[in-house]
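A quick write-up on the structure given underneath.
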Amino acid sequence: MSYTVEQLVSVNPYNPDILPDLENYVNEQVSSQTYSLNANLCLLRLYQFEPERMSTQIVARILIKALMAMPAPDFGLCLFLIPERVTARFSQFWDEAAKSHHILDVIPGFEQAIQAYAVHVLSLTYQKIPRSILAESINIEGLSLDKFIEHHVANSGWATEKNQNKGQFIIFPRNEFNHPELKKSTADGIRLEHITRILPILG
Amino acid sequence: MAVATSYDHEQPIPGDSAAAGYDPNYVPDSVKSFVVHMYRHIREKNVYEIHQMYETSFQSISDRFFKDAPWPSVDSVAPYVDNDHVFCLLYREMWFRHLYARLSPTLKQRIDSWDNYCNLFQVVLHGVVNMQLPNQWLWDMVDEFVYQFQSFCQYRAKMKNKTEQEIALLRQFDQAWNVYGVLNFLQALVEKSTIIQILEQEKEGLEQFTATDGYDYSGGSNVLKVLGYFSMIGLLRVHCLLGDYHTGLKCLLPIDISQQGVYTSVIGSHITTIYHYGFANLMLRRYSEAIREFNKILLYIFKTKQFHQKSPQYEQILKKNEQMYALLAISLSLCPQVQLVEETVNLQLREKYGEKMMRMQRYDEEAFALYDELFSYACPKFITPSAPSYEEPLVNYNQDAYRLQLKLFLYEVKQQQLLSGVRTFLKVYSTISIGKLSTYMEVDEPTLRTILMTYKHKTHAVDSDGKITSNADIDFYIDDDMIHVVESKPAKRYGDYFMRQIVKLEGIMTDIDRIKLEDDSRVEILISHGIRSKREGGENHRGAGIQAGMSGIQDCQGRG
């Protein structure tokens with residue numbers, strides 16, 4: 001194959017012949033921990049046009065990869081394209097997944113992706129968070145948690161603080177969501193062309 | 001092309017008794033004159049005259065002779081236009097469009113119309129067209145092409161009442177209005193026209209397109225370029241009909257909707273673009289973007305609709321206008337950013353949906369039902385693009401796509417409702433500890449922390465370029481165990497309000513000045529004349545008029 005899958009998609013966005021390439025590409029994304037929303041949406045589109053060619057297993061993998069892309073809205077985007085009778089069959093799958101670590105084994109990078117997403121929401125919510133709460137949210141403890149925190153202190157602007165009674169705190173970098181005062185003030189401006197309307201009156 | 005029109009006799013036109021007397025070969029003089037002139041104007045590239053005939057003559061002849069019957073068959077008019085192949089394709093395009101608008105097409109006619117579009121687009125794509133057609137007409141072609149596709153999908157999905165003959169036809173002509181075919185035609189027009197590159201180069205001043213409204217004044221043809229341009233909007237619409245909002249918005253990217261462009265040169269195209277752009281953003285939870293664009297177009301329609309009263313598109317304009325107010329009401333209920341809405345639009349919105357919007361704020365079952373009602377009224381006509389199963393029993397699936405989109409939308413609304421509990425508490429505190437709030441809400445602390453995080457997740461959307469925007473009217477942050485609430489009060493647009501009042505006051509003062517300057521007796525005549533003419537309408541407005549004027553003045557003084 002002389003073209004990359006991305007090129008195939010951009011040249012043939014509506015070509016049923018590339019369906020097998022796209023299916024292989026989903027599996028490749030899983031094993032190589034890469035991700036292409038465009039290619040996956042293109043595949044879901046082809047499934048939508050020819051439901052008889054749909055593979056439930058591939059759809060499930062696309063959905064998991066989309067979950068891993070949170071907070072991007074990709075998961076929702078995919079759901080818009082999957083007929084109800086198909087998504088209904090997944091409920092069993094999710095039940096399974098919740099009980100075992102099934103997903104984590106099949107999809108490399110799933111845990112890290114969900115941790116990254118949790119950190120994203122935490123940093124929108126908290127200025128300062130107790131270590132125990134952070135541990136719970138990202139499901140890491142002990143030495144691994146120390147390492148995780150160290151890594152973010154070095155790379156993402158986190159800081160730590162010791163409190164005598166309450167133990168360690170993590171301070172997230174300031175953003176306009178956990179420090180609303182940083183939000184640009186939306187002062188009541190009037191555009192010049194509006195002012196010009198009343199200039200003759202004022203004159 | 002086989003111009004033989006087989007639709008004439010094979011199937012009666014349903015629900016139309018007048019058609020019984022319809023002779024497809026009878027060509028009234030006005031039609032003769034219409035095609036002869038139209039043909040001449042097209043050959044002479046007289047865009048102005050073509051546009052006049054297309055917009056006005058076609059309508060008036062339709063109203064006079066073809067109110068509930070099709071135009072004469074293409075065969076019968078062909079001799080008047082030298083049997084010109086391209087002209088005949090254009091004529092048939094209008095022929096079918098008229099049929100779709102006034103009668104209900106049979107399956108055979110739907111298939112024939114598809115065939116005609118294929119032939120027409122093939123001619124355009126293979127570059128043998130040397131015409132200059134009005135943007136309005138080119139837009140109508142793309143718009144109608146997508147509309148007939150949508151209409152076909154809806155029709156095909158109603159399998160229950162299909163006759164054996166219809167099913168046989170559907171099987172035989174399974175390529176007609178095939179979704180791949182539709183998308184690939186639009187895509188081919190975009191690519192072959194190189195419109196994306198043209199728009200790119202225009203930014204660097206190397207090319208003129210927008211400045212000439214897409215017309216070619218150096219002897220070339222505008223047809224492929226402008227069809228390619230409008231096809232990007234066609235693609236946006238088709239993808240929205242399929243629920244593929246992300247891809248739809250991507251197709252529109254080459255057009256900068258923050259500025260005027262060829263898409264604003266035709267009102268129908270302007271409205272279709274923004275309606276679908278706004279709807280896609282609404283579904284992607286980018287509410288403020290949807291609000292911003294709905295606001296702009298609604299203001300535009302408010303200011304300009306009077307100029308379109310006689311246009312054949314007028315009804316469509318009004319309908320989309322109403323639908324967009326409904327979508328604006330939804331967006332604002334989920335994301336109360338009223339400051340994005342201009343005063344005029346806001347007034348209209350309150351008038352139409354003020355009461356419903358109050359109830360939608362309540363987060364109960366009734367509110368939920370209102371979201372359902374408004375969404376169902378204002379959403380696009382979603383389609384299932386795949387062919388039906390011809391196995392017995394035949395089932396209707398024309399509602400499937402709509403139900404899926406509605407369900408996902410309402411699921412989102414429901415999630416917002418779940419957060420209403422915490423929102424109610426946040427509204428009344430400026431700071432509250434996690435412990436205290438969890439007691440009030442009767443949940444344990446970890447659950448409350450989860451609810452708070454969910455709230456953050458739901459109220460913060462991530463843009464296509466990764467930028468985070470907050471949709472929340474009540475926001476908060478947590479410092480250790482303490483929740484700090486921030487209410488983002490929408491800044492009232494005093495500026496806008498005062499400007500409006502200043503202009504209004506000036507108008508009233510000018511009126512008063514004029515009355516003062518008038519001779520008393522003349523004022524008497526004026527007033528009595530005014531009263532008489534109003535009395536003829538059956539009411540005495542004198543008192544009311546004066547009162548309204550007074551209160552207008554008081555209003556200005558009081559608030560000023």
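The values are calculated or read from the model by the stated rules, or taken from the named source; none is laboratory data. None of these values were measured; they are calculated from a predicted model. Because the Cβ atoms are built from the backbone with ideal geometry, glycine has one as well, and the counts that use them run over all protein chains shown. The area values use the complete protein model at the heavy-atom level, side chains included, leaving out ligands, DNA and RNA. Shrake-Rupley method; radii C 1.70, N 1.55, O 1.52, S 1.80 Å.
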State the number of residues belonging to region A:135-144 that are within 18 Å of A:Ala113 (Cβ to Cβ) and away from chain B (no Cβ under 11 Å). 4
For region B:372-388 the number of residues that are among the aliphatic types (A, V, I, L, M) and either open to solvent by 10 Å² or more (accessible area, probe 1.4 Å) or outside any helix (DSSP H, G or I) (or both) is 2
Extreme residue, nearest to B:Met141 (Cα to Cα), among residues of region B:187-232 that are within 27 Å of the chain's Cα centre (by Cα) and among the basic types (Lys, Arg): B:Lys225
Can you tell me which residue within region B:165-212, out of those that are crowded, with 18+ Cβ neighbours inside 10 Å, β-branched (Val, Ile, Thr) and in a helix (DSSP H, G or I), is farthest from the other protein chains (Cβ to nearest Cβ)? B:Ile198
Working only within region B:215-245, note down all residues that are within 14 Å of chain A (Cβ to nearest Cβ) and not in a helix (DSSP H, G or I). B:Leu242, B:Gly243, B:Asp244
Going by what's in this entry, would B:Glu412 be described as assigned to a helix (DSSP H, G or I), acidic (Asp, Glu) and open to solvent by less than 50 Å² (accessible area, probe 1.4 Å)? yes
Which residue is farthest from B:Met441 (Cα to Cα), if the candidates are limited to region B:451-470 and must be open to solvent by 40 Å² or more (accessible area, probe 1.4 Å) and of a type in the set (Ser, Thr, Tyr)? B:Ser464
Answer yes if at least one residue in region B:147-159 is of a type in the set (S, T, N, Q), outside any helix (DSSP H, G or I) and open to solvent by 10 Å² or more (accessible area, probe 1.4 Å), and no otherwise. no
Test A:Ile171 against the stated conditions and say whether it is under 36 Å from the mean Cα position of the chain (by Cα), modelled with pLDDT of 70 or more, open to solvent by less than 70 Å² (accessible area, probe 1.4 Å) and within 12 Å of another protein chain (Cβ to nearest Cβ). yes
Within the bounds of region B:487-507, is there any residue that is modelled with pLDDT under 75, polar (S, T, N, Q) and farther than 30 Å from B:Tyr429 by Cα? no
Find all pairs meeting these conditions: Cβ atoms under 7 angstrom apart; at least six residues apart or on different chains; first residue within region B:66-87 and free of Cβ contacts under 8 Å to residues at least 24 places away in the same chain and outside any loop (DSSP other than H, G, I, E, B); second residue open to solvent by 10 Å² or more (accessible area, probe 1.4 Å) and of a type in the set (D, E, K, R). none
Which residues, counting only those in region B:78-95, are open to solvent by 10 Å² or more (accessible area, probe 1.4 Å) and within 21 Å of B:Gln175 (Cβ to Cβ)? B:Arg92
So, in region A:49-61, how many residues would count as being within 14 Å of chain B (Cβ to nearest Cβ) and modelled with pLDDT under 90? 3
Just to be sure, is B:Thr439 within 13 Å of chain A (Cβ to nearest Cβ) and among the hydroxyl-bearing types (Ser, Thr, Tyr)? no
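With the structure loaded, tell me whether B:Gly435 is assigned to a helix (DSSP H, G or I) and surrounded by 14 or more Cβ atoms within 10 Å (Cβ to Cβ) or whether it fails that test.
Numbers: assigned to a helix (DSSP H, G or I): yes; surrounded by 14 or more Cβ atoms within 10 Å (Cβ to Cβ): no.
It is false that B:Gly435 is assigned to a helix (DSSP H, G or I) and surrounded by 14 or more Cβ atoms within 10 Å (Cβ to Cβ).
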Scan of region B:280-298 for residues that are part of a helix (DSSP H, G or I) and within 12 Å of chain A (Cβ to nearest Cβ), ordered by number: B:Ala280, B:Asn281, B:Met283, B:Ser288
Is at least one residue of region B:96-111 closer than 26 Å to B:Val262 by Cβ, crowded, with 21+ Cβ neighbours inside 10 Å and not polar (S, T, N, Q)? yes
Say whether the condition of being in contact (Cβ under 8 Å) with a residue 40 or more places away in the chain and either facing chain B (nearest Cβ under 10 Å) or open to solvent by 50 Å² or more (accessible area, probe 1.4 Å) (or both) is met by at least one residue in region A:36-48. yes
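Can you spot a residue in region B:517-528 that is at pLDDT below 75, under 30 Å from B:Ser288 (Cβ atoms) and open to solvent by 90 Å² or more (accessible area, probe 1.4 Å)? Please lay out each step first, then the result.
So in region B:517-528, the residues at pLDDT below 75 come out as B:517-528.
Next, only the ones that are under 30 Å from B:Ser288 (Cβ atoms) stay: none.
So far as region B:517-528 goes, no, none of its residues is at pLDDT below 75, under 30 Å from B:Ser288 (Cβ atoms) and open to solvent by 90 Å² or more (accessible area, probe 1.4 Å).
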Helices (runs of 4 or more DSSP H) wholly inside region A:8-84 that include at least 3 residues being of a type in the set (D, E, K, R): A:19-32
Output for region B:386-413, where each listed residue is more than 14 Å from chain A (Cβ to nearest Cβ) and free of Cβ contacts under 8 Å to residues at least 60 places away in the same chain: B:Glu392, B:Pro393
Would you point out the residue of region B:246-275, among those that are within 14 Å of chain A (Cβ to nearest Cβ) and assigned to a helix (DSSP H, G or I), that is nearest to A:Ala66 (Cα to Cα)? B:His246
